[in-house]
Amino acid sequence: MSLIMLSSPHAHGGDSIRMIMLTVILALVPAAGMSVYLFGWMAVLLIVTCMLTALMTEAICLKWMGRPVSTLLDNSAALTGLFLALTLPAATPWWMAVLGSVFAIVLGKQLYGGLGYNIFNPALSARVILLISFPLNMTTWIMPMSASMGSIEPVINLYDFTTCATLFFAGPGALQLGLDAISMASPLGYIKTEATLGVPVAEALDAYGYSYLDAFLGFEAGSTGETSALALLIGGIFLLARHSITWHIPFSYIVTVLLLAGLFNALNPDQFATPMFHLFAGGLILCAFFMATDPVSSPVTPLGQVVFGVGCGVITWSIRTWGGYPEGAMFAVLLMNCAVPLIDHYFRPRVYGHKRRNES
Amino acid sequence: MHAVCAALPLWCCGYGFKHEKVRVFCGVRDWRVALYSRPMTEIALILLSSVLVNNFVLTKFLGICPFLGTSSKVETAVGMSFAVMFVMTVASTVSWLVQQYVLIPLELEYLQTIFFILIIAALVQLIEMMIHKTSPVLYQGLGIFLPLITTNCAVLGVALLNVQQEQTFLTSALYGFGAAVGFALVLILFAGLRERIEVSPVPELFKGSPLALITAGMMSLAFMGFSGLVKF
Amino acid sequence: MPAMVRKLAQRLGMLQHSFVGGVHPNMHKLTADVAIEECDIAPVHVLPMKQHIGEICSPLVAVGDLVLRGQKIARSEGYLSVPVHAPTSGRVVKIEEHTIPHPSGMGLPSIFIESDGDDKSDESIAPISDWINTDPTQLRERARKCGLAGLGGAVFPTFIKLVQDKRFPIETVILNGIECEPYLTNDHRLMLEHAEEILEGMAIIMHMVGADSGIIAVEDNKQNAADSMQQALDARSDMDGVVVHVLPTRYPQGSEKQLIYTLTGREVPAGKLPMHIGVLSQNIGTTKALFDAVMLGKPLTERTVTVSGDALAKPSNLLVRLGTPVRSLFARQGLDDFSGIQIVHGGPMMGERLKNPDFPVVKSSTGLLAMSLQAMKAAHTVEQPCIRCGHCSEACPISLVPNLLADQCRSDQFEKAAQYDLFDCIECGACSYVCPSNIPLVHYFRYGKGQLALQRREDSFAEASRKRSETRDARIEREKAEKAARRSQVRKTHAPKTDEAKAETDAETKTGGEAGVADSKATESKD
Amino acid sequence: MISLLYALASLGVFALVAGIVLAIAQKLFHIEGDPMVEKLDALLPQTQCGQCGYPGCKPYATAVASGEADVNHCVPGGERTMLQIADLMGVEPKDLEAEPAAPMLAFVREDECIGCTLCIKACPVDAIVGAPKQYHTVIADHCTGCNLCVEPCPVDCIDMLMKPELIEHWSWPLPDTKRAQLGHERREQHAGHG
């Protein structure tokens, strides 16, 4: 039957979904490793919890929908869990991590029909749900180990498993600490608060003890996986080299942010932060290389991808600069996710032999 | 002609404020306000606020019925968008005029709702005839939702909010237009998403409206990112 | 990234034009070094009545007739058609339907010729050795009469392309020696072994269409073929406008439109032919066949076929008479047992997969592949959901968005698919080849195209029916009106007493009866 | 009291103005006939078979446009036509009343034909040719397979034959993968749900 009625081609290049997902997981290894180095056992606990919950939820959903549970082996659920873990603050309690992973898999993915049909990036939608639901926890950054920010010293030893496990499972109360005792502001949040008080950006950053090198290497407050631009860039370049993603989205995304930041910084350096600050701050690089390029929820066509990237860039920078939230990257990606079907429709490439785009 | 049209509002906002009549027309009781207002920035901010930040559908949750009802196809959504844009803009201006020059002088503010609904109903009748004439297919596609613009709470909402927030004539027109553009924007985006969901293997329980509502919820979450972008 | 670098290089003039997308399949050119062998004449030849694109032929011979090799046995009906010739001398044993290499497994009326072993040729077609002084239209008629059709697999009647049209003068003749399909090597071998003849054929083509320049395009995985053509070219003094271009290997370089773009930088507009931009491209095998038809007076009765595949012990390039049963060819190469083996007619990227080898070699048979099941792995893994990775869009040589098209075809949104330029798809298979989810994209496109064609046929039929129905209704109305007019006239002018009036009433009842039929029909259908 | 009068008067005047504007608009945007009938008629297969209960395709189109008939009565049009009509009318698709039969073709057995011309008169698309007392023949390319000529024939010499399958008209079926079938059914189900 099927053997005969199958059309050409009768050869296949050998790519598979599994390999593609595995490549992305591999590309995230440097970032995950860096997060473990910076946040010690907290990062380990978070990553393991998220990935395990994601896999279990996926398995339950598949079972419930009567699909083969072996689909789990396509690695996509594990990847979603890892993504989510890397976007969460290190001090996230266990139940929030579990809740987020369940949201990501159920609301973000399985309700839409499973892999390939989700409209929003599952990890990011879960992250935003958590941010809206638990704004305090989601903006509480603990200080990374080995950071050298002025006189501030880490309050707790993140390399100590018992401390971390207590913090993770029982909360800071169990360590006789308040949330604010172990937390510090992220650079983005700090300059946002200072800006409302009318402090110029450069002064605020000085007061914060900000250094570009630290930001590039990752020695700053932030979500577990997003702080180290270096590790993320290594992963991103690996993805580009393996042809898992194309340059269009990351390039247009980052360049848009840099251009906007550069332009406004040149106009008024007191009010607007420098492009380099924006580049290394928050989740820009993580989103540009890993989240926005999620194939399922991004446009297919090259031009569409550029439009998508530019849109993400504009929204990210606008929210960071003028919005109520200090970080806009994840909102930007989610918002542009909404526009993907229309982008796909209107930015198709010009077909061979046709004069104009979209001419039929 | 176009130049005059474009210049008129600017003139009203700028120089026009010197004249007593124009000031009254624009609803600016205290003429000093006009001196400090920067028209272009204000226009942009009002639009930005009503389109993105205070989006009628996703943050004020008004007009959900047509949002769900006419979003199954992009073409229908576009048609609906234009109809709503027309009705909303005109309704908000006309109702402002009626409020200022009929209801307030006659002290009939309590008849606000009836008057506004009357205006909206008449406008909807008008656009219905126009669409029936120009595009019978769109007319069929919109079906019951076209006359239902009358009871679209977003339209009445704009008119009432304009009065409540003591908008001027110009800002209320802008506000109405912006709200309509915001409605159109999310409606068309949503229609695009729904066309994609339509061909997805969605679990039986969530087919149709449930998933559409969940998606709308996710969109609303995403739009929360804009909050605080414009302080209005 | 490479795409961007390539484009940049093109802009800077560092590189020739190059079509977008494409893939690099494993080429498996097993028979590149195997010389063309002439195949023995089969005892019975089967000649389907249509071996080209266009209208079907009708037989000129009857059962029992004796035929000679090269004798015309089927006449073309209509313009877009070429005749069929007997591949060897013998007797017509039967004319009945026989399977042809078509994915449907359906058959066509075919003439069965039993070989008498003498292989006597029909000498009635004289060689035209002085072609340079012959009128192009006469040469064109020769191409038609000899049954020439594109031997690259598309089998478009060759004579149609070989025309001088004042509105579209041909400037460049492209000789397509790309052969980008894996496994196939027959053009490769022809270029090595018959370079002079092919060049002569190309000269004839250039004379026929009045072109001055020519390009012989060869992929760089057969450098020796390019060298051979260059050598032959150097030996001739009259072909100065012709150059040999060696192009980097990339599938589907050999596709006409892609090749034209690579060589000239011009695109064939959608729905147009290469001649509209002054280009003519011909296949190597067809050019050789044209040489045979003109210089030797030999109609198309044989072609080279690559018999290969990973399940074949002895792959080879064979010179085969048309109509030879494929089973015997595989048997000749040492394959008798077809269990667990898939037969592919053509190349693996664009060929048809067939149930069994019970079909004859036809004009479109570029290759015959016997593939083991492992080699056909793509078909055996399950189709997974599309993750929209976009690899298909990248691979598409004409910049379609295959995954969206497949979605539309799958959910029967054919009109939308047509709007997304479904009909521009050349079915090269690059998208399916790279798809990590194993989606049979090309199959979806073929399904969509078929359904859309069916819908359009139905629509045009409905339109025609409606017109006919409206004419009929109008006629009935008119007849009724005329009758009524006549009746009232009768009443006015005649008193009811003469014989004439009686005759009139008779006629009236008669016609009234007719009207009654229509009426009763109407009431009937209302019930 | 006065304010009540004001209220009534202002509402009345306002309603009057709106009414006048709408009346003018009505004149301005007046439409002749129903463009929907033409559009619907174009969707129908034009077999004129009368299986829908109306004496032809156009009458059925008129009935559907006026809301008098359901969208699911066209048997030869099958699912596709029904879905298109439902789509155009913006109503919920309905199940077909009868499965469309394979396309048929009328064939006159000429040696039995007595040349009575009854079938010629019955044919809605003039697809039968012949004269009185002469054999009649069906023009295969014009026949819609509507069956209407079978009944009137006094000697029952008309057969309905299956339309021959042509290799040129063969088309690829949907790929034989589970996902393809699923996607297809989903579309149909979805159409069923509106």
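The values are calculated or read from the model by the stated rules, or taken from the named source; none is laboratory data. None of the values given here were measured: they were computed from a predicted structure. For neighbour counting, all protein chains shown are included, and Cβ atoms are generated from backbone atoms with ideal geometry for every residue, glycine included.
Listing for the model above:
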item	result
Test: residue in the range D:35-43 that is outside the structural domain of D:Asp156 (by TED's automatic domain parsing), touching a residue at least 24 places away in the same chain (Cβ under 8 Å) and at positive phi	no
Selected residue (criterion: farthest from B:Gly69 (Cα to Cα)) from residues of the range B:189-230 that are touching a Gly at 6+ places or on another chain (Cβ under 9 Å) and not hydrophobic (A, V, I, L, M, F, W, C)	B:Gly228
Members of the range D:103-114 that are modelled with pLDDT under 85 and either of a type in the set (Ser, Thr, Tyr) or in contact with a Gly (Cβ under 9 Å, 6 or more places away or on another chain) (or both)	D:Pro103, D:Met104
Exclusive hit being over 29 Å from A:Gly13 (Cβ atoms), in contact (Cβ under 8 Å) with a residue 24 or more places away in the chain, among the aliphatic types (A, V, I, L, M) and touching a Gly at 6+ places or on another chain (Cβ under 6 Å), set C:Val209, C:Val242	C:Val242
Residue match in the range C:304-316 (condition: touching a helix residue (DSSP H, G or I) at 6+ places or on another chain (Cβ under 6 Å) and over 20 Å from C:Pro25 (Cβ atoms))	yes
Tally, over the range B:140-172, of residues that are away from chain D (no Cβ under 14 Å) and not hydrophobic (A, V, I, L, M, F, W, C)	11
Whichever residue in the range A:209-224 is in a loop (DSSP other than H, G, I, E, B) and on the phi < 0 side of the Ramachandran plot and, among such residues, is surrounded by the fewest Cβ atoms within 10 Å (Cβ to Cβ)	A:Ser211
Test result for C:Leu80, in contact (Cβ under 8 Å) with a residue 60 or more places away in the chain, within 14 Å of another protein chain (Cβ to nearest Cβ) and in a strand (DSSP E or B)	no
All positions within the range C:126-170 that are part of a helix (DSSP H, G or I) and either surrounded by 16 or more Cβ atoms within 10 Å (Cβ to Cβ) or among the aromatic types (Phe, Trp, Tyr) (or both)	C:Trp131, C:Pro136, C:Leu139, C:Arg140, C:Arg142, C:Ala143, C:Arg144, C:Lys145, C:Thr158, C:Phe159, C:Ile160, C:Lys161
Single unsatisfied condition, D:Glu92 versus (1) under 30 Å from B:Ile144 (Cβ atoms); (2) surrounded by 13 or more Cβ atoms within 10 Å (Cβ to Cβ)	(2)
Residue that is surrounded by the most Cβ atoms within 10 Å (Cβ to Cβ), among those in the range D:59-81 that are closer than 15 Å to C:Ala462 by Cβ and under 10 Å from the mean Cα position of the chain (by Cα)	D:Cys74
Residue satisfying condition, being more than 17 Å from B:Pro201 (Cβ to Cβ), in contact with a helix residue (DSSP H, G or I) (Cβ under 7 Å, 6 or more places away or on another chain), assigned to a helix (DSSP H, G or I) and within 14 Å of chain C (Cβ to nearest Cβ), within set A:Leu86, A:Leu62, A:Leu79	A:Leu79
Condition broken by C:Tyr444, with the remaining ones in (1) more than 14 Å from chain D (Cβ to nearest Cβ); (2) in contact with a Lys or Arg (Cβ under 7 Å, 6 or more places away or on another chain) satisfied	(1)
Scope the range C:167-197; condition of a type in the set (Val, Ile, Thr) and either out of contact with any Ser or Thr (no Cβ under 7 Å at 6 or more places or on another chain) or over 27 Å from C:Gly297 (Cα atoms) (or both); matching residues	C:Ile170, C:Val173, C:Ile178
Positions within the range C:105-142 being under 23 Å from C:Pro360 (Cβ atoms) and more than 14 Å from chain D (Cβ to nearest Cβ), in sequence order	C:Ile111, C:Phe112, C:Ile113, C:Glu114, C:Ser115, C:Asp116, C:Gly117, C:Asp118, C:Asp119, C:Lys120, C:Ser121, C:Asp122
Residue match in the range D:59-75 (condition: facing chain C (nearest Cβ under 10 Å) and more than 16 Å from B:Gln140 (Cα to Cα))	yes
Subset tally (residues that are in a helix (DSSP H, G or I) and under 13 Å from C:Gly285 (Cβ atoms)) for the range C:188-213	9
Residues being assigned to a helix (DSSP H, G or I) and either at the interface with another protein chain (Cβ under 9 Å from one of its Cβ atoms) or small (Gly, Ala, Ser) (or both) - total across the range D:14-54	17
Hits in the range C:421-434 (condition: buried (at least 22 other Cβ atoms within 10 Å of the Cβ) and at the interface with chain A (Cβ under 7 Å from one of its Cβ atoms))	C:Asp421, C:Gly429, C:Ser432, C:Tyr433, C:Val434
Residue identified as small (Gly, Ala, Ser), out of contact with any Leu (no Cβ under 8 Å at 6 or more places or on another chain) and on the phi < 0 side of the Ramachandran plot among C:Ser460, C:Ser432	C:Ser460
Number of the condition not met by C:Leu335 [criteria: (1) at the interface with another protein chain (Cβ under 7 Å from one of its Cβ atoms); (2) surrounded by fewer than 24 Cβ atoms within 10 Å (Cβ to Cβ)]	(1)
Qualifying residues in the range D:116-139 (those that are closer than 22 Å to D:Leu166 by Cα and within 12 Å of another protein chain (Cβ to nearest Cβ)) - the one surrounded by the fewest Cβ atoms within 10 Å (Cβ to Cβ)	D:Ile139
Verdict on B:Val74 being within 13 Å of another protein chain (Cβ to nearest Cβ), under 20 Å from B:Gln165 (Cα atoms) and either out of contact with any Phe, Trp or Tyr (no Cβ under 6 Å at 6 or more places or on another chain) or surrounded by 18 or more Cβ atoms within 10 Å (Cβ to Cβ) (or both)	no
